[in-house]
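Data first, discussion second: the structure below is written as structure tokens.
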Amino acid sequence: MEAGPRDTEQDAPDALHEAGSLSPDGPDELEATPEVEVELRPARRLRIWQLAPIVMLAAVGSLMFAFPLAFEFGDGGAVVAMLGLLISCCAAGWGMMAARRVGYTWPGLPQRGSGERSDWRVIALYVVVGGALVALAVWRVARLQ
């Protein structure tokens, strides 16, 4: 005796294998259609009503930061520039939190809830770049006085 799969087509009559006939598991037509997985929830994206206040706050903050630095308003210019920097940083933080809430991440960092660990070199790069930007901004505002 040979161990292997049976050739059921030779053993079964031709009438059982016609389209529309029943097999032991049900109609043959249902086996021919591939299964498709469909996500019932829509993709999570940032909507315009979420982005508009963030963009407006960032624009106002960056203009408040840029104009005193560019045109040197006098004694109050440094205060207005620092307030603009603060508003811009708040808008950036707000935007990052909104993006994280819908599942976006910074380049090089793993998805939220994936269980992967962040690479320390990527985090160090972000800290160095952020620190350099803050140092340049504070240095420029300090030169106004």
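The values are calculated or read from the model by the stated rules, or taken from the named source; none is laboratory data. What you are looking at is a predicted structure, and each value in this text was computed from that prediction instead of being measured. Counting neighbours? That spans all protein chains shown, and the Cβs are built from the backbone with ideal geometry, glycine included.
Among the residues of region 88-105, the ones that are within 19 Å of L133 (Cβ to Cβ), surrounded by 13 or more Cβ atoms within 10 Å (Cβ to Cβ) and free of Cβ contacts under 8 Å to residues at least 24 places away in the same chain come to 1 in all.
Checking each residue in region 60-106 for being farther than 30 Å from V122 by Cα and among the aromatic types (F, W, Y) picks out F67, F71, F73. Of all residues in region 132-145, those that are modelled with pLDDT under 85 and small (G, A, S) total 2. Tell me, please, whether a residue that is among the aromatic types (F, W, Y), closer than 29 Å to A43 by Cβ and surrounded by 15 or more Cβ atoms within 10 Å (Cβ to Cβ) can be found in region 62-78. No - not one qualifying residue is present in region 62-78.
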